[in-house]
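Take a look at the structure set out below.
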Amino acid sequence: MVDPIRVADVVVVGGGSSGCVVAARLSENPDRSVLLLESGPGYRSMLDCPVRDYRVVPMGAGSAYAQIYGVELASSVRSTTVRGRVLGGSGAVNGAYFIRGTSTDFDLWPGSWSYENVLPTFRALERDIDYDGPWHGKTGPMPVRRQPAERWSEISEAFRDAALERGYPEEPDKNGTGTGGGGVGPVPLNVDGGVRVSTAMAYLLPAWNRPNLTVESNTDVVRILFSGNKVIGVEVETEGVRRRIHSRRVVLAAGPIETPILLMLSGIGMADHLRDNDISVILDAPGVGSDFSDHPEVALPYRVRGSLHRDDTSPVVETVLNTGDIEIRPYTAPFDVLVPGSGQRDQVLGVGLMVTESRGDIRLTSDDRSDRPYIEYRYAQSVSDRRAMREGQAIGLDLLQSPAMSRLVVPLYEEVSDRSALAHLGTSHHLCGSCRMGGSDDATAVVDERGNVRGVEGLTIADTSVLPVVPSRGPHATAVMVAERISIFLAE
Ligand SMILES: Cc1cc2nc3c(=O)[nH]c(=O)nc-3n(C[C@H](O)[C@H](O)[C@H](O)COP(=O)(O)OP(=O)(O)OC[C@H]3O[C@@H](n4cnc5c(N)ncnc54)[C@H](O)[C@@H]3O)c2cc1C
């Protein structure tokens, strides 16, 4: 049976961290019909959400809520990265660490996205339960709180003591002045009532009953449809059945891997690459899938001397040290506890390089959507990135060997070198910037400062694809901020 053709004023592709915000905001106008299409499973109430438990990251092999991609992190290092595939997207399965980029991060964005311009949106989207004042919001949809110090796990306490012993400053409020001064302190968490609060919960579910908003989950958008260079809708597949949906405005929020893939499969991308894959070119846009950035992360495994106390409310990570471009994360349990199905039994300190020169590419391997893309990170190629990763390893090892930590743990390797960094290299899964935003003088930017795809009509991107570069902190709060601002532009 063929479904009748559907029509919506706006189709939002992807109900992830950004897409849920866009669908909820745009449907505030009762005269605008909004259809949100999500590949993964959905749910209609917080209680039905299958990924509420903030203490685990359901991204291990066989997860029903994650899409796993094979990647090449560096020339000798193959690995995987993962994205959430469920209503709420990656923000529904992530570490629940909800922090803003620093003010200097936004110096790399077009002028209309200066820190001064985006701070009011960061404040408006949050409800900070611990802090008040000029840097915080008290009434927004996203709850933000920190794990109370009296509930910290033994490893977090020892890590904090070690950092203070070594002379690093305390940073009690990591969403504070915006200068990103650094230090050791509690991570802001989008956790409330024992639940990881995704944008699906904070924005979409409260809007669910609006007559002008429809959410279709388990529905894959397979192609954007054009007439000339004008968008006329999307082709979707639900349980093997294909349909067309007509709309004059399509907002892509399929995340930083699937958004460029969908563009390329629809004829927007580097022309030679599209032709090589037998795809008709609608627009030559070399920036699609190109020059993304992410945070390399070197794991420093350690053995626990006895056993470590961990509260049953412990999040994945409850405190971090930011120093220079390095972030050190004492995960609160071994990875096979935090990521069921990961098979990784070690407990680790994660050493993240938060400002990196490496830029990667996402490329198709055929014109068939079911073929996995080729994702190349090019981590550790520059001299300065390799030096920074060695410095990060050295800081991490020094903390593990400090009096406060060494009474509890023994590092499982002590070599600080490029070789050991590559042997323990992973990624933070913070991929951003695969369809970069840029001002009119930026020839390779894919979208303009309002998120509209240049060179076609009716197509907007509102997800972490458009970030000029990954922020020097986790990108989740920035994904929400970007979606809020692009929704305002679309509603004007
Ligand atoms: C395991 C993990 C841990 C992380 N931890 C943190 C953290 O603690 N703190 C932090 O700040 N950041 C973290 N991040 C990063 C952060 O969650 C992401 O940057 C952010 O959620 C990305 O938002 P997005 O809207 O761009 O994409 P997503 O949230 O990934 O949303 C994309 C959505 O589109 C859907 N979709 C994809 N293709 C299609 C299609 N063709 N048709 C229909 N729907 C489609 C997907 O199913 C998904 O729901 C983590 C990410 C991961 C994966």
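The values are calculated or read from the model by the stated rules, or taken from the named source; none is laboratory data. All figures in this text were calculated on a predicted structure; none of them were measured in a lab. For neighbour counting, all protein chains shown are included, and Cβ atoms are generated from backbone atoms with ideal geometry for every residue, glycine included. Note: accessible area is taken over every heavy atom of the protein model, side chains too, but ligands, DNA and RNA are not part of it. Shrake-Rupley method; radii C 1.70, N 1.55, O 1.52, S 1.80 Å.
Name all residues of region 282-308 having a backbone nitrogen under 15 Å from the label point set 7 Å from the Cα of Arg166 along its Cα→Cβ direction, giving them as ranges. Those under the cut-off are 298-302.
May I ask you to give the solvent-accessible area per residue for the chain, in square angstrom, as obtained with a 1.4 angstrom probe?
Details: 18770 Å² over 492 residues.
Ligands and nucleic acids excluded, the result is 38 Å² per residue.
Multiplying the residue separation of Asp107 and Phe489 by 0.36 nm and subtracting their alpha-carbon distance yields 135.4 nm.
Contour minus end-to-end for Val410 and Ala64, with contour as 0.36 nm per residue of separation and end-to-end as the Cα-Cα distance? Spell out each step's value before the answer.
Numbers: separation 346, 0.36 × 346 = 124.56 nm, distance 3.55 nm.
This chain segment gains 121.0 nm when fully extended.
Each peptide in 345-352, 193-200, 470-477 gets a packing score, the mean of other Cβ atoms within 10 Å over its residues, and the list from highest to lowest is 470-477, 193-200, 345-352. Taking the C-alpha atoms only, the angle from helix 115-125 to the longest principal axis of the chain is near 90 degrees. Summing +1 for each Lys or Arg and -1 for each Asp or Glu among the other residues whose beta-carbon sits under 14 angstrom from that of Asn175 gives +1. Distance between the C-alpha centers of region 27-99 and region 370-413? Whole Å please. Each part's Cα centre sits 26 Å from the other's.
A simple spin-label model places the labels of Arg369 and Asn218 1.6 nm from each other, with each point 7 Å out along Cα-to-Cβ.
Of all beta bridges that DSSP places with both ends in the chain, some 70 percent have antiparallel geometry.
Share of carbon and sulfur in the accessible area of the chain stands at 48%, probe radius 1.4 Å.
So what is log10(I(q)/I(0)) for region 94-163 at q = 0.11, 0.13, 0.15, 0.19 1/Å, when the Debye sum runs over its Cα atoms only? Those come out to -0.39, -0.53, -0.66, -0.89, one per q. Between region 234-264 and region 414-478, what is the C-alpha centre distance in whole Å? With region 234-264 and region 414-478 each reduced to a Cα centre, they are spaced 20 Å.
Is region 341-423 rounded, prolate or oblate when judged by the Cα gyration tensor, a ≥ b ≥ c being the square roots of its eigenvalues, rounded requiring a/c under 1.5 and prolate requiring a/b larger than b/c? Judged from the Cα gyration tensor, region 341-423 comes out oblate (a/c at least 1.5, b/c at or above a/b).
Mean residue ellipticity at 222 nm from the helices of the chain, using -39,500 (n - 2.57) per DSSP H segment of n ≥ 4 over the full residue count, to the nearest 500 deg cm²/dmol? Spell out each step's value before the answer.
Numbers: 10 runs with 98 residues, N = 492.
One gets -6000 deg cm²/dmol as the mean residue ellipticity at 222 nm.
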